[in-house]
Amino acid sequence: MNLNSELQDKLDAPVKSFEVAFRSYVSSSIIITYTTEDALKNEIVKRNDSLKDSKAIFSGKFTSEVKSILGGKEWKSF
């Protein structure tokens, strides 16, 4: 489906509004499920290891993001 620029502008606002709410929901769910920084980091590593050998779409992108997330940097807060 192709949208002209006017229709794209009309679609942009509700999508962006939903994105903020969705990100808030996801972050709340993560904090409730993984109560410590180490628990979350271990889950990220576990999921990355399970994706390495798969042919899943974007598995390479996920792996590179994991390197940037866990690449020795300290998290300022959790």
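Things worth noting here:
- Tally of residues being under 27 Å from L40 (Cβ atoms) and among the acidic types (D, E) across the stretch 1-28: 1
- Among the candidates S50, S24, residue that is in a helix (DSSP H, G or I), exposed (fewer than 11 other Cβ atoms within 10 Å of the Cβ) and among the hydroxyl-bearing types (S, T, Y): S24
- Condition met for V26 (out of contact with any Ser or Thr (no Cβ under 9 Å at 6 or more places or on another chain), aliphatic (A, V, I, L, M) and modelled with pLDDT under 90): no
- Only residues that are surrounded by 10 or more Cβ atoms within 10 Å (Cβ to Cβ), within 16 Å of the chain's Cα centre (by Cα) and among the hydrophobic types (A, V, I, L, M, F, W, C) were counted in the stretch 7-21, giving 1.
The values are calculated or read from the model by the stated rules, or taken from the named source; none is laboratory data. Nothing here was measured: the structure is a model prediction, and the numbers come from that model. Backbone-built Cβ (ideal geometry, glycine too); neighbour counts: all protein chains shown.
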